[in-house]
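The values are calculated or read from the model by the stated rules, or taken from the named source; none is laboratory data. These numbers come from a predicted model, not from an experiment. Cβ atoms come from the backbone with ideal geometry, glycine included; neighbour counts cover every protein chain shown.
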Amino acid sequence: MNTNLDKNTKNNDKIELLEKEGLQDYARLNPNILIKSTNLIYALIEFAKERYKTDDLTKIDLKNIFLPNVSLKRLYGTSPNELKERFPYGDLKEVDYNYVISNKNLNSIIDFSIDDTIKMGEILKQILNNEEDIEEKYKNALTETYEILTYLEDDSFFRLPLDIITSIEKSQNKNYNFFIDERLDFSEQKTSKETKAILYNLYRDYMANSKEKQNILNNQLKQMLNLEDIEEAIYNPEEIFKK
């Protein structure tokens, strides 16, 4: 059996489906689509046509078509397998991988940086107050954050206040293309330091349990006290030799 040929044939089927709907350019920007099975791509396209009551999907937000599996269940109460049964495509029986981000995954990338954490905490307050004068790099970080939240496990996702989620979605830069590469572990995803700082704020304030939160606050305090010692040494170098 020629495995490479089989893979190419499957991809050709997927590309033909996307080209038929005029979605090939979006697929080039978001290669995660081709990771999905042919069955699922077809089912998601047909499900979107049903939801939006249109055959022209080029005029809607394409991210609302090719949703992560966990968001599909959260928003519409259905799963990839259920959709594939409703909208079958030939006799193909490909398995689709369920990519979900857990609290443990978030912990693997977030890191406490005093300046970034404080700044992005201020940005979160700004968007909650519907302030629109936000720098592009921060809007891009909100885009990355929102994409990550769409993959977040239910237990963590539903700890976030709805106004936080809707404010992030509303304030993100929708012209900035960012996607989670489902072929990679979450710790290997490329995210900005601003995104990590936003996630740090969200994790600390809403998603961490009481023990985790206390550990986070203790580590913050230690780092801040350490920074104060460094600053004191800079401005009072004679203190270094007294210790």
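For residues that are among the charged types (D, E, K, R), loosely packed, with under 14 Cβ neighbours inside 10 Å and either touching a residue at least 60 places away in the same chain (Cβ under 8 Å) or over 24 Å from PHE179 (Cα atoms) (or both), tally how many sit in segment 90-127.
So in segment 90-127, the residues among the charged types (D, E, K, R) come out as 91, 93-94, 96, 104, 111, 115-116, 119, 122, 125.
Then keep just the ones that are loosely packed, with under 14 Cβ neighbours inside 10 Å; that gives 91, 93-94, 104, 111, 115, 122, 125.
Applying the additional criterion that residues be either touching a residue at least 60 places away in the same chain (Cβ under 8 Å) or over 24 Å from PHE179 (Cα atoms) (or both) yields 91, 93-94, 111, 115, 122, 125.
Summing the residues that are among the charged types (D, E, K, R), loosely packed, with under 14 Cβ neighbours inside 10 Å and either touching a residue at least 60 places away in the same chain (Cβ under 8 Å) or over 24 Å from PHE179 (Cα atoms) (or both) in segment 90-127 gives 7.
In segment 27-55, which residues are under 21 Å from ASN175 (Cβ atoms) and either of a type in the set (Val, Ile, Thr) or without any contact (Cβ under 8 Å) to a residue 40 or more places away in the chain (or both)?
Pass one, segment 27-55, residues under 21 Å from ASN175 (Cβ atoms): 27-33.
ALA27, ARG28, ILE33, listed by residue number.
Checking TYR138 against (1) surrounded by fewer than 17 Cβ atoms within 10 Å (Cβ to Cβ); (2) in the same structural domain as LEU160 (by TED's automatic domain parsing); (3) in a helix (DSSP H, G or I), only one condition comes out false. Which one?
Among (1) surrounded by fewer than 17 Cβ atoms within 10 Å (Cβ to Cβ); (2) in the same structural domain as LEU160 (by TED's automatic domain parsing); (3) in a helix (DSSP H, G or I), the lone unmet condition for TYR138 is (1).
Please pick out the residue among ASN130, ASN64 that is surrounded by fewer than 16 Cβ atoms within 10 Å (Cβ to Cβ), on the phi > 0 side of the Ramachandran plot and polar (S, T, N, Q).
ASN130
Need pairs with beta-carbon distance below 6 Å; first residue under 13 Å from ARG159 (Cα atoms) and within segment 194-221, second among the hydroxyl-bearing types (Ser, Thr, Tyr); sequence gap 6+ or separate chains.
MET207/SER156
With the requirement that a residue be more than 11 Å from LYS36 (Cβ to Cβ) and in a loop (DSSP other than H, G, I, E, B), what does segment 76-94 give you?
GLY77, THR78, SER79, PHE87, PRO88, TYR89, GLY90, ASP91, LEU92, LYS93
Just for segment 99-117: of the residues that are modelled with pLDDT of 90 or more and in a loop (DSSP other than H, G, I, E, B), which one is nearest to ASN201 (Cα to Cα)?
Among residues in segment 99-117 that are modelled with pLDDT of 90 or more and in a loop (DSSP other than H, G, I, E, B), the one nearest to ASN201 (Cα to Cα) is SER102.
Counting only residues that are at pLDDT below 90 and assigned to a loop (DSSP other than H, G, I, E, B), which one in segment 1-45 is nearest to TYR76 (Cα to Cα)?
ASN30
The conditions are (1) over 18 Å from GLU147 (Cβ atoms); (2) touching a residue at least 60 places away in the same chain (Cβ under 8 Å), and THR78 fails exactly one of them. Which is it?
(2)
Which members of segment 156-193 meet the condition of being over 21 Å from PHE66 (Cβ atoms), among the basic types (Lys, Arg) and outside any helix (DSSP H, G or I)?
The answer is ARG159, and nothing else.
Answer yes if at least one residue in segment 198-218 is more than 20 Å from ASN107 (Cβ to Cβ) and at pLDDT below 90, and no otherwise.
Keep residues of segment 198-218 that are more than 20 Å from ASN107 (Cβ to Cβ), which gives none.
No, there is no match, as no residue in segment 198-218 is more than 20 Å from ASN107 (Cβ to Cβ) and at pLDDT below 90.
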